[in-house]
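I'd like to ask you about the structure that follows.
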Amino acid sequence: MGLFDAIRGEFIDIIEWTDDSRDTIVWRFPRHDNEIKMGAQLTVRASQIAVFVNEGRVADVFAPGMYTLETRNIPILSTLKGWKHGFDSPFKAEVYFVNTRRFSDFKWGTQNPVMVRDPEFGPVRLRAFGGYSVRVIDPPLFIGELVGTDPQFRTEEVEGYLRQMIVGRLGSALATAARDVPVLDLAIHQHDLGQRMSQALTQDMASVGLEIPDFNVESITLPPEVEKALDKRTQMGVLGDLDQYTKFQTASAIGDAAETPGSGMGEAMGMGMGLAAAQQMAQNMNPQAQPQQAPPQPAQAPAQPAAAPPPLPQAEWFVGVNGQQAGPFDVNALSQQVGGGSLTRDTLVWKAGMAQWTAAGQVPELSELFAATPPPMPPA
């Protein structure tokens, strides 16, 4: 190699990146202290962005296309370098290619269960998992915040950071969803939950130049003991009448045991059927030996009438005699007093339930006592 060939080898005239991986987000062009020739060809393929960095400061950004590097299409770098009147000599700068396609191979899951309050079950622990995608929307910001001087920034380097952001957001999202929707109905709202998570995470990631275009909730699960209890509850609902189900299970078990060789159930059933058949044949061959029908039983004596219930207790009456209370008396005692003349129609009487003392002649219950009693004689 001649001297001029060695000098030409120190100048870079083609800058491009052919991505042969599936997990590289940012790739730095390997300059190896060589200088970029003014007029070099820059090729930026689809889903790529080229970012020129000069001494740690982001300079010019190139969208997909083919460019011939000149001072007019690298104005920021020209300003940083101080090229005020044009420049044709080689220069040094770092070139980063940023992959702007959607990386969709990210997975997420709750390492610890999330406690939520369900209106039907009360406090419940939930676990969830799924997948999401990531895309760079601001390459200069992304390089400045996360990549730095890393020559090859892969998805695994940002996955841990994203997982922490997701777990921090997921707890409040699940709690909010469970507050509005019962836990048993969360499955039909997984898509809405994923969209809310995507919007919230995109707002959080905007500060580092990323977005979360897709967030999928594949499953939301309850603790195993709660799932077992729900299975029992479902079985009871499917079975319906437990009494009929128990009878059916018993009959099925007897049938299965009878068909199982060596179980003893088949032999017992066979012996019973054989014995019944032998008895029937014996009765057919010797009809006289058949047992006589038992004579009819005499008619039972008519049942004795039920004893009459005890009489209800009679009311107790109090009588006012000369301003004094006397009693209590039953109706028979009052009848005797009427006959003796000590109880008249004007005598005040009272019993429980009456509002006040009343003349005996005005009480409907005692009016019969005075029916056969003549009124008092008029004065002579």
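Against the definition (surrounded by 10 or more Cβ atoms within 10 Å (Cβ to Cβ), modelled with pLDDT under 80 and within 15 Å of residue 319 (Cα to Cα)), how does residue 361 come out, yes or no?
yes
For segment 138-174, what are the residues that are surrounded by fewer than 16 Cβ atoms within 10 Å (Cβ to Cβ), of a type outside the set (Ser, Thr, Tyr) and assigned to a loop (DSSP other than H, G, I, E, B)?
148, 150, 151
Follow-up question, since we're still on this one. From (1) assigned by TED's automatic domain parsing to the domain that holds residue 144; (2) surrounded by 13 or more Cβ atoms within 10 Å (Cβ to Cβ), pick out the condition that doesn't hold for residue 111.
For residue 111, the exception is condition (2).
Further question: Hey, residue 125 hits all of (1) surrounded by 19 or more Cβ atoms within 10 Å (Cβ to Cβ); (2) out of contact with any Lys or Arg (no Cβ under 8 Å at 6 or more places or on another chain) but one; which does it fall short on?
For residue 125, the failing item is (1).
Out of all the residues in segment 91-104, is one or more part of a loop (DSSP other than H, G, I, E, B) and either within 20 Å of residue 187 (Cβ to Cβ) or among the small types (Gly, Ala, Ser) (or both)?
yes
May I pose another question? I'd like the full set of residues that are among the small types (Gly, Ala, Ser), assigned to a helix (DSSP H, G or I) and either surrounded by 15 or more Cβ atoms within 10 Å (Cβ to Cβ) or touching a Cys at 6+ places or on another chain (Cβ under 6 Å) (or both), limited to segment 192-209.
Matches in segment 192-209: 194, 198, 200.
What number of residues within segment 120-137 satisfy the criterion of being outside any strand (DSSP E or B) and out of contact with any helix residue (DSSP H, G or I) (no Cβ under 7 Å at 6 or more places or on another chain)?
2
Go through segment 30-63 residue by residue and tally those that are more than 16 Å from residue 140 (Cβ to Cβ) and either of a type in the set (Ser, Thr, Tyr) or surrounded by fewer than 20 Cβ atoms within 10 Å (Cβ to Cβ) (or both).
Looking only at that region, the number is 15.
Would a scan of segment 4-13 turn up a residue that is surrounded by 12 or more Cβ atoms within 10 Å (Cβ to Cβ) and without any contact (Cβ under 8 Å) to a residue 24 or more places away in the chain?
Yes, segment 4-13 contains a residue that is surrounded by 12 or more Cβ atoms within 10 Å (Cβ to Cβ) and without any contact (Cβ under 8 Å) to a residue 24 or more places away in the chain.
Also, quick follow-up: Every residue in segment 321-341 that is under 13 Å from residue 369 (Cα atoms) and part of a loop (DSSP other than H, G, I, E, B), please.
Keep residues of segment 321-341 that are under 13 Å from residue 369 (Cα atoms), which gives 330-341.
Passing the criteria: 330, 341.
Restricting to segment 178-191, give me the number of residues that are in a helix (DSSP H, G or I), among the aliphatic types (A, V, I, L, M) and without any contact (Cβ under 8 Å) to a residue 24 or more places away in the chain.
Count: 1.
Out of the residues in segment 72-96 that are surrounded by 17 or more Cβ atoms within 10 Å (Cβ to Cβ) and β-branched (Val, Ile, Thr), state the one that is farthest from residue 30 (Cα to Cα).
That would be 74.
Something else now. Taking segment 36-79 as the search range and keeping residues that are at positive phi and assigned to a strand (DSSP E or B), which one is nearest to the chain's Cα centre (by Cα)?
Within segment 36-79, the subset at positive phi is 39, 47, 55-56, 65.
With the extra rule that they be assigned to a strand (DSSP E or B), the set shrinks to 39, 65.
Details: 39: 64, 65: 52 Å.
Step by step, filter segment 36-79, then rank; the result is 65.
The values are calculated or read from the model by the stated rules, or taken from the named source; none is laboratory data. Quick caveat, the model's predicted, so the values are computed rather than measured. Cβ atoms come from the backbone with ideal geometry, glycine included; neighbour counts cover every protein chain shown.
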